[in-house]
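Data block below; observations after.
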Amino acid sequence: MINKIVDFPSRATFSSMKSAKNLNVAIAARGVEMVFSSGAGSYHALKNINLDIRKGDIQLLMGPSGSGKTTLLSILAGILTPTAGSVSLLGKEITNLSKQKLAEFRLKNIGFIFQGFNLFPALTAIENIELALNLQGIKGKKAKEESYFLLSQVGLASKAHSLPRDLSGGQKQRVAIARSLTGHPPLIMADEPTAALDSHSGHAVTELLRKLAKEEGCTVLMVTHDPRIVDVADRIVYLEDGVLVDS
Amino acid sequence: MVSIARKNLFEDIPRFLVAQAGIMLAVTLVTIQTGVLKGFSLSTGLLIDQSQADIWVGSKDMVHLELTKPILYEQYIQAQQVEGVAMAEPLMLGPGFWSSQNGELTPLKLFGFNSEGKLFVPGKITTGNVKDLKQPLSIIADQSSLDSLKLQKINDVGQLRSLPAKLVGITRDTQSIAASTFIFTSLENANVYVNSGLTSKVNCTVENNDFNCTTTFEKKPEKNKNSESEMPIIEPLTATDPITYVLVKAKPGQDLEQLKQRLEKALPNTKAYTTPEMAQKTRDYWTKRTGVGFILGMGATVGVVVGMVVVGQILYTSVSDHLKEFGTLKAMGASNKVIYGVILEQAVWMAVLGYIPGMLLCVGLSHWALQTQGIMILITPITAGGVLGLTVLMCVGSALFAIQKVTSVDPAIVFKA
Ligand SMILES: Nc1ncnc2c1ncn2[C@@H]1O[C@H](COP(=O)(O)OP(=O)(O)O)[C@@H](O)[C@H]1O
Ligand SMILES: [Mg+2]
């Protein structure tokens, strides 16, 4: 870990500290590189990524399949450690945090939405949300009430006791949005949330996400290659072959 | 907390049932093996436990209740004179065989005791009366043996060695699983059954102030039998007749250790045991020296291993199937503690839900075995509690495999479609 700090170009470290002081930046990446190495060789998936995402923005990250969007999102969410470079979230440098500290940070600050919904199939809609609240230390009756409130916010109060397999794709993603909002996280990270949905429900889901995020004052980073949802974005960046292309 | 562990467990009912069957099997194996061992051990000393004696005096070469050398009736008479003895009674054990009406042979162990005495108790009499043993050639049998002796009711007759034997009483809680069939009769009857035609001689010498006695048995002159076909004459025992034990009741307030020493001194070539010592010596022989304890212990170990493999396998597959969910939990920021908690909770659920039917099965089996086979499978609360602890340990132990699998999950898998 210490080696990594020493290896960084000092300019990158310095500028990341500068951006950390910038109160308007929620997510900042400096000189992020990602090289996947396997037995056969290595693959340079991300090259010198520098990015600032403003607080309260709905930021889209677009680009063709295989361009490195998911890899970048994982790094910005503290799930994947970059080969080089630094990331700071909400003014906190996360690149050198231990796995455990990263998990704590994610639990408190980041809500996730996945392309495949990733609901717990054995739990009902309301239990899926309750579980997320339980993880954050909210238990019992309070968690039940809060889950019900969140479900009604995404218009699914009537489906509270349905299992995921009895919900449509759009409904599942709405449950996932409700789950991502538990504990009022300042950041929401979504990887292709509409890819598994038809265009109508895809649009409805992103509209809902935009509305709730704006109400909560969340910063949203949404990876997509769905051009039909660009109208929800405040800003858009493009990734091509692991390189950011400004719009 | 929403119990994702429990819900995941019940999500796939067929697999859950397979797991529970495996755990049930393990619980049953361990409980039955332990129960058989305990029941076996208990059964080998039942008659000693039930006796009202404080001290058992037998040959100094005694190995366990049924494996010993004879002593003399005379020593019973002498024992009554020893200071501190309130009451003494003779007990004779002898081998025999039973021919049922259809000619089937069954090996027997015959117990001859004073039917008017108090110290030897031939189990719990359910039918008939001990006093009826005063009738010549009468016996009491344990209800668990009636089938094999082809006896059904009082006054049924079979053949013991070459003499007739009439059932005058039925008892229970006497039979040792390790021994041949126990039959109870009066001392005089037993003497006729076992020793008819035998007489004994004791030759004692004194060497360095030590008694050194040898007992020899010889064919008696044919005075006891009038002819081949006629009944033998039943007589009280004489000083030179062999018996097996002298049961002693101490006077109130006696120090049993000192009384034992006085008895051993007064009765050469004998050794005295308190009743608990006698029971322990007999049980130790059967559980330790015969290797029965080892064998049953191995059975129990196999049970635990089978259980661990089954539970380990099921938990591992379950975790593998739900790997993406564990990845999601990790991505959401759940700590390792929470994730291990889910797996351990699943393991404990499996343990408890496998234990309950397993233990019920064992209790049922133990009743059945006692009723129909006369085999005691002893399930004490301690055994039941111990097996529960072991089951939980077994399940938690096998959960460690699954935990290892989930530790290596990269939360990045959540973004893989
Ligand atoms: N764990 C990995 N090991 C090796 N290569 C990977 C790994 N993850 C992603 N890649 C490669 O990195 C590139 C970018 O992948 P990804 O970020 O998933 O793209 P996108 O989300 O834009 O479709 C792809 O070529 C992919 O094969
Ligand atoms: Mg992707």
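The values are calculated or read from the model by the stated rules, or taken from the named source; none is laboratory data. Only a predicted model underlies this, so the values are computations on that prediction, with no experimental measurement involved. Please note: Cβ atoms are built from the backbone with ideal geometry, for glycine as well, and neighbour counts cover all protein chains shown. For accessibility, only protein heavy atoms count, side chains too; no ligands or nucleic acids. Shrake-Rupley method; radii C 1.70, N 1.55, O 1.52, S 1.80 Å.
Please check: in the Gaussian network model of chain B (C-alpha springs, under 10 Å), which one of B:Gln50, B:Gln81, B:Gln175 has the largest mean-square fluctuation.
Highest fluctuation of the listed residues: B:Gln81.
Can you flag which of A:Lys92/A:Lys141; A:Lys55/A:Lys108; B:Lys38/B:Lys281; A:Lys108/A:Lys141; B:Lys60/B:Lys109; B:Lys124/B:Lys166 are past 26 Å Cα-Cα?
In this structure, A:Lys92/A:Lys141 lie more than 26 Å apart at Cα.
Apply the membrane-span-like helix rule to chain B: whole DSSP H runs, Cα extent along the own long axis of at least 18 Å, mean Kyte-Doolittle hydropathy at least -1.0. List the helices found.
Span-like helices in chain B: B:13-44, B:292-321, B:336-368, B:381-407.
Size of the dipole of chain B about the Cα centre, Lys and Arg at +1 and Asp and Glu at -1 on the beta carbon, nothing else charged, in debye to 20?
Value, rounded to 20: 800 debye.
Where nothing but the Cβ of Lys and Arg (+1) and of Asp and Glu (-1) is charged, how large is the charge dipole of the protein assembly as shown around its Cα centre, in debye to the nearest 20?
Details: 64 positive and 57 negative charges, 291 e Å.
It comes to approximately 1400 debye.
What are the trypsin sites (Lys or Arg not before Pro) within the stretch B:92-167 that DSSP puts in a loop, where the Cβ has at most 16 other Cβ atoms within 10 Å?
Here the sparse-neighbourhood loop sites are B:Lys118, B:Lys150, B:Lys153.
Which value in deg cm²/dmol, rounded to the nearest 500, describes the helix-derived mean residue ellipticity at 222 nm for the protein assembly as shown, given -39,500 (n - 2.57) per DSSP H run of n ≥ 4 and division by the residue count?
Dividing the helical sum by the residues of the protein assembly as shown leaves -13500 deg cm²/dmol.
If r is the Cβ-Cβ distance from B:Thr127 to B:Val309 and R0 is 60 Å, what FRET efficiency results, to the nearest 0.05?
The calculated FRET efficiency here is 0.75.
Where does the charge balance sit around A:Arg106 when Lys and Arg score +1, Asp and Glu -1, over other residues with C-beta under 13 Å from its C-beta? Show your work: numbers first, answer last.
On the way: positive: A:Lys92, A:Lys99, A:Lys101, A:Lys108, B:Lys330; negative: A:Glu104.
Net charge in that neighbourhood comes out at +4.
What does the average come to when, for each residue of peptide B:327-340, you count the partner chain Cβ atoms lying within 10 Å of its Cβ?
Working: counts 2, 9, 6, 4, 11, 14, 17, 8, 5, 3, 1, 4, 1, 0.
Across B:327-340, the average partner-chain Cβ count within 10 Å equals 6.
With unit charges on the beta carbon (Lys/Arg positive, Asp/Glu negative), name the residue among B:Phe326, B:Gly374, B:Gly312 whose Cα is farthest towards the positive pole of the charge dipole of chain B.
Farthest towards the positive end: B:Phe326.
Can you give the extra length, in nm with one decimal, that the chain gains between A:Glu216 and A:Asn24 once fully stretched, where that is 0.36 nm per residue apart less the Cα-Cα distance?
Extra length available between A:Glu216 and A:Asn24 comes to 67.5 nm.
Please identify the GluC sites (Glu not before Pro) of the stretch A:164-247 that satisfy two criteria: DSSP loop assignment and at most 10 other Cβ atoms within 10 Å. Which are they? The partial results should precede the final answer.
Values: sites: A:Glu207, A:Glu215, A:Glu216, A:Glu240; in loops: none.
In loop regions of the stretch A:164-247 (DSSP not H, G, I, E or B), there are no sparsely surrounded GluC sites (Glu not before Pro).
Of chain B, which part is the longest with no GluC sites (Glu not before Pro) in a loop (DSSP not H, G, I, E, B) and with at most 15 other C-beta atoms within 10 angstrom?
B:231-417
Rounded to the nearest 10 Å², what accessible area does B:Asp321 have for a 1.4 Å probe in the complete protein model?
Its heavy atoms expose roughly 100 Å² to the probe.
Hey, if you put +1 on the Cβ of every Lys and Arg and -1 on every Asp and Glu Cβ in chain A, which of A:Ser98, A:Leu167, A:Leu187 ends up farthest toward the positive end of that dipole?
The listed residue farthest towards the positive side: A:Ser98.
For B:Glu257 and A:Glu104, FRET efficiency with R0 = 60 Å and r from the beta-carbon atoms, rounded to 0.05?
My answer for the efficiency is 0.30.
Out of the DSSP beta bridges found with both residues in the protein assembly as shown, what percent are antiparallel (nearest 5)?
In the protein assembly as shown, DSSP labels about 70 percent of beta bridges as antiparallel.
Note down the magnitude of the dipole of chain A about its Cα centre, charges +1 on Lys and Arg C-beta and -1 on Asp and Glu C-beta and zero elsewhere, to the nearest 20 debye.
720 debye
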